[in-house]
Amino acid sequence: MKGIIFVKFNEFIEELWGDEFWDELLEEAQLPSEGAYTTVVTYDDQELFILIGLVADKQNISVKDTQFAFGKWVFKELYNIAPTRAHNIQDVFEFLYAVQDFIHVEVHKLNPYALIPKFQFLSRTNDKLSFQYLSPRKLCFFCEGMVYGLAEHLGQKIRVFQSECEYEGGQCCVLKVEKV
Amino acid sequence: MKKPIEPILTEIQSARELQKRIAVLERGAVREKKARHLAEKQLERYTLEIYQTNQSLKRALAFSTKKQFELEYLGKTSMGVASELSLHEMISNMVELTCEYCAAEYGFYFVTEDGVEVQKVENNVWSKELGWQSQCKLQNLVNANLPLSEAHVLESWFVSAVNDEAQDFAWVLYMNFALSGNKLGWLAFLSKKVSVDEGIFPILATARDGLNSGIRRRLTDVNILERNVQLQDSVNNLESAKRQLIQSEKMASLGQLAAGVAHEINNPVAFVRSNMEVFKDYLHNYKNLHYNIKSELTTHKTLDMKSFTALCEKADLAYIDEDSTALLTSNIEGLNRVRDIVENLKNFSHVGNTKLIQMSLYKCVDAALRITRNVFKYEHQVDNRLTDLCPAVLGDLGQLQQVFVNLFINAAYAMQGGGELSIWHTEGDQRVIIHVKDTGSGMDEETIGKLFIPFFTTKPVGVGTGLGLSVSYVILETHDVQVTVDSEIGLGTTFNLSFPVSI
């Protein structure tokens, strides 16, 4: 996983619980990287999952909620470094299509080996959108949080839930987004 | 004095917290340092990768540029070879392109025969700055460094070092190729560059192959052109021979008819002459009458009606008057017959130019019958059913007359001892068919099969040339006439000539 995610996770944790908590996590996790994160290096995915698991344990919240919270928080950070064209989009659904159509395409150009999730759109009405989240990393709750962060940024109220989830015995993860 | 315990505990607590804080910050600093180190290493790797990629791109660009240059050279030389440029233009084009490609200062094209330069052409040296020009000194320099005495085609391009201190030329690149005869064409390129890039040789070899194929094609084209001219001459000679043959055969037919024609002319001439003898007597009578009238007037100074009538009766003037008119009419008719025969003969023997004009088949057949009248005169009947209603065709009157004369002579020959010649026409599908039927001996299949073969004849030696029908067939072919023959032994033969109708 690209270092930017780890750097942002560090910022997220320090913003919420301080640098000592972050230090505590790293001391306990004993990760191969020793927590020396920089945006230009790629790290083992597993390190993020270990850190999320430790946060959940120590803060007494679920892994799902931790992923969700980080996703919601990190959206604005990633939005700032997204292609300028994405900044002109004012609708959640349009933005989600743009993620698939050109934002991930641009990411792929800069990082040819990056493992990028795919959205397979299933249905769309004026106020409902359904798509399948496809990624071997299985960060579907993180994705849910990102969608919330997106809606918050655009000033739209939405509800996001999964009609099917691999963590709950489903074949895949299907996200449903409803404007409210 | 003992200190109170709480402040001490608080102090210890603060110290511990401070130490803890320091430890957290120290670890953070270590992580930051390590992260920075990682980032720097990564940056170095990226920089190296970018440098290597840049170098690789530069090499690829240089390679592409070289390939593009090579392709451009090969493309232009191929276009020259495939174009309609003349041999000289194509080779000149090759000199210009190759001179630029191998970055030589001068390019040369010249021709040798048995090791000696021939065709001293003006302006046979090319340079990019000056174009084509004459450079005797440079030409001599090149000649001195090329194996011109070897009168064979070299198998590839060669390079010779040039020892030229005056102008600093370093090497000459050259090749040769076969031209017509024992001639060799030479291309040479003089350069001041220190060394030759060996990479150009495969490209030059390809261009050389193309040039050789272009030269072969052009030399072959020249040969084909020469042969075409010869062929056209042969065709013209053949056409001329054909015309002569037709005319000769016409004259041969005329020879066969000569006796009959002479007879035809002789008859009217004989009776015209006989009539003229009578006129001579009549003139004598008139002279006597004139004399008697003059004597009577001299003696009596007068001539009465009775005496005049008596003199006229004595001269038989009434009969002479009546007979003279008849004799003159007969003479005019006789002379008209001679004139017609001569006219027909003139038409018949006229050398045609095979220009087809609209003509009447009726008149053509009628003229042919007049010429051949004598052969049918005594033992045969001629039933010519053609009239002016027979459609006109495009044809040469003299030549078609020759065809009918041949058919009529053959018919008469087949009807020795008598018979009937019938001529009529039928029409259909924009064609008019002339049928010529005799009641002669007829022909078997074998004879019919050989009818139009030159020199085939059933007539005894000295009677026919054997060319009559074959020449007729050639004439009919040029008139787009289809010929069929129906014949039965002992019953006779019918020739059917199908002409396209002139619209």
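The values are calculated or read from the model by the stated rules, or taken from the named source; none is laboratory data. What you see is a predicted model, and the numbers here were worked out from it, not measured in a lab. Don't worry about glycine lacking a Cβ; one is built from the backbone with ideal geometry, like all the others, and counts go over all protein chains shown.
Restricting attention to region B:69-78, does a residue exist that is free of Cβ contacts under 8 Å to residues at least 60 places away in the same chain, within 14 Å of another protein chain (Cβ to nearest Cβ) and in a helix (DSSP H, G or I)? No, every residue in region B:69-78 fails to be free of Cβ contacts under 8 Å to residues at least 60 places away in the same chain, within 14 Å of another protein chain (Cβ to nearest Cβ) and in a helix (DSSP H, G or I). With respect to B:E89, is the statement that it is within 30 Å of B:E150 (Cβ to Cβ) and either assigned to a helix (DSSP H, G or I) or more than 13 Å from chain A (Cβ to nearest Cβ) (or both) true? Here the answer is yes, as B:E89 does meet what is asked. In a helix (DSSP H, G or I), closer than 30 Å to B:L138 by Cα and either under 35 Å from the mean Cα position of the chain (by Cα) or not small (G, A, S) (or both) - does that describe any residue in region B:44-57? Within region B:44-57 (the criterion being in a helix (DSSP H, G or I), closer than 30 Å to B:L138 by Cα and either under 35 Å from the mean Cα position of the chain (by Cα) or not small (G, A, S) (or both)), the answer is no, since none of the residues qualifies. When residues in region B:305-334 are screened for being charged (D, E, K, R), loosely packed, with under 11 Cβ neighbours inside 10 Å and touching a helix residue (DSSP H, G or I) at 6+ places or on another chain (Cβ under 8 Å), 0 of them pass.
Taking the listed residues B:S248, B:S234, B:S240, B:S191, the one that is hydroxyl-bearing (S, T, Y), within 30 Å of B:L469 (Cβ to Cβ) and either modelled with pLDDT of 90 or more or touching a helix residue (DSSP H, G or I) at 6+ places or on another chain (Cβ under 7 Å) (or both) is B:S234, with no other qualifying.
Being under 23 Å from A:V7 (Cβ atoms), within 11 Å of chain A (Cβ to nearest Cβ), part of a helix (DSSP H, G or I) and among the acidic types (D, E), is that true of even one residue in region B:4-22?
Here is the first cut: in region B:4-22, the residues under 23 Å from A:V7 (Cβ atoms) are B:21.
Keeping just the survivors that are within 11 Å of chain A (Cβ to nearest Cβ) gives B:21.
Checking which are part of a helix (DSSP H, G or I) leaves us with B:21.
Adding the requirement that they be among the acidic types (D, E) leaves none.
Scanning region B:4-22, I find no residue that is under 23 Å from A:V7 (Cβ atoms), within 11 Å of chain A (Cβ to nearest Cβ), part of a helix (DSSP H, G or I) and among the acidic types (D, E), so the answer is no.
The criterion of at least 3 residues that are at pLDDT 85 or above is met, among helices (runs of 4 or more DSSP H) falling completely within region B:396-503, by B:397-414.
State whether the residues of region A:31-41 include one that is in contact with a Phe, Trp or Tyr (Cβ under 8 Å, 6 or more places away or on another chain), closer than 25 Å to B:A39 by Cβ, surrounded by fewer than 19 Cβ atoms within 10 Å (Cβ to Cβ) and within 14 Å of another protein chain (Cβ to nearest Cβ). Yes; the residues of region A:31-41 include at least one that is in contact with a Phe, Trp or Tyr (Cβ under 8 Å, 6 or more places away or on another chain), closer than 25 Å to B:A39 by Cβ, surrounded by fewer than 19 Cβ atoms within 10 Å (Cβ to Cβ) and within 14 Å of another protein chain (Cβ to nearest Cβ).
Scanning region B:75-109 for residues that are in contact with a helix residue (DSSP H, G or I) (Cβ under 6 Å, 6 or more places away or on another chain) and of a type in the set (A, V, I, L, M, F, W, C), which turns out nearest to B:V125 (Cα to Cα)? It comes out as B:F108. Quick one: is A:I89 over 17 Å from the mean Cα position of the chain (by Cα), under 20 Å from A:Y148 (Cα atoms), surrounded by 18 or more Cβ atoms within 10 Å (Cβ to Cβ) and away from every other protein chain (no Cβ under 14 Å)? Yes: the conditions hold for A:I89.
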